[in-house]
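The values are calculated or read from the model by the stated rules, or taken from the named source; none is laboratory data. Owing to the predicted nature of the structure, the values given are computational and were not obtained by experimental measurement. Note: ideal-geometry Cβ built from the backbone for every residue, glycine included; neighbour counts use all protein chains shown.
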Amino acid sequence: MLAAIKPSEDGYEARFERRLKHPVEKVWSFLTENDKLKRWFSELQVDDLREGGVIKFDMQDGTFEEMRILELRPHSVLEYTWGDDRVRFELYPEPDGGSRLVLIEKIRRLTDHSPKDLAGWHVCLDVVEALLDDRTFESREQAWERRYKEYERAVARLRNE
């Protein structure tokens with residue numbers, strides 16, 4: 001299922017949700033521990049895990065973009081800047097011992113790049129789920145291509161409203 005994208009006070013909000021068979025502590029480790037983070041988003045690295053701390057994005061050209069951690073509540077909330085936007089992960093325990101992972105991207109304005117980011121986050125969450133389940137995720141590129149087309153249509157609809 002695609003992220004729900006809707007207008008918000010400051011632009012737009014894309015909300016992704018995943019129900020996972022794993023406890024919040026295990027899911028949290030994939031968001032905050034560099035050895036696990038690298039397995040699903042190789043360009044990201046937690047540099048200083050605290051409010052006001054930094055997550056670095058490797059631009060693959062020898063430079064890094066620093067993203068400021070805006071909110072941190074262990075095993076519950078991780079929010080940081082993402083260029084002009086924000087990315088927020090929320091984790092909720094489920095009664096069966098699993099968890100619900102919510103990713104909210106707060107987007108100031110929709111651009112031609114927005115569907116690329118949305119497709120990327122969608123596939124990243126699919127990869128996190130596969131890693132947690134000890135499954136192999138076959139082709140990120142093919143999955144991204146398919147999702148990109150879907151998000152391109154969704155964003156076009158929003159921009160035309």
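Here are the numbers:
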read-out	value
Among the residues listed as GLU66, GLU90, GLU51, the single one being under 15 Å from the mean Cα position of the chain (by Cα) and of a type in the set (D, E, K, R)	GLU90
Options ASP58, ASP117; residue that is in contact (Cβ under 8 Å) with a residue 12 or more places away in the chain, under 18 Å from the mean Cα position of the chain (by Cα) and over 18 Å from MET1 (Cβ atoms)	ASP58
Subset tally (residues that are more than 17 Å from ASP134 (Cα to Cα), assigned to a loop (DSSP other than H, G, I, E, B) and hydrophobic (A, V, I, L, M, F, W, C)) for the stretch 1-51	4
Failed item, numbered, when GLY98 is tested on (1) within 20 Å of SER114 (Cα to Cα); (2) touching a residue at least 60 places away in the same chain (Cβ under 8 Å)	(1)
All positions within the stretch 11-51 that are surrounded by fewer than 15 Cβ atoms within 10 Å (Cβ to Cβ), more than 17 Å from ASP126 (Cβ to Cβ) and touching a Lys or Arg at 6+ places or on another chain (Cβ under 8 Å)	GLY11, ASP47
From the options PRO115, PRO93, residue that is more than 20 Å from THR32 (Cβ to Cβ) and at pLDDT 95 or above	PRO115
So PRO7, is it more than 28 Å from GLU161 (Cα to Cα) and not acidic (Asp, Glu)	no
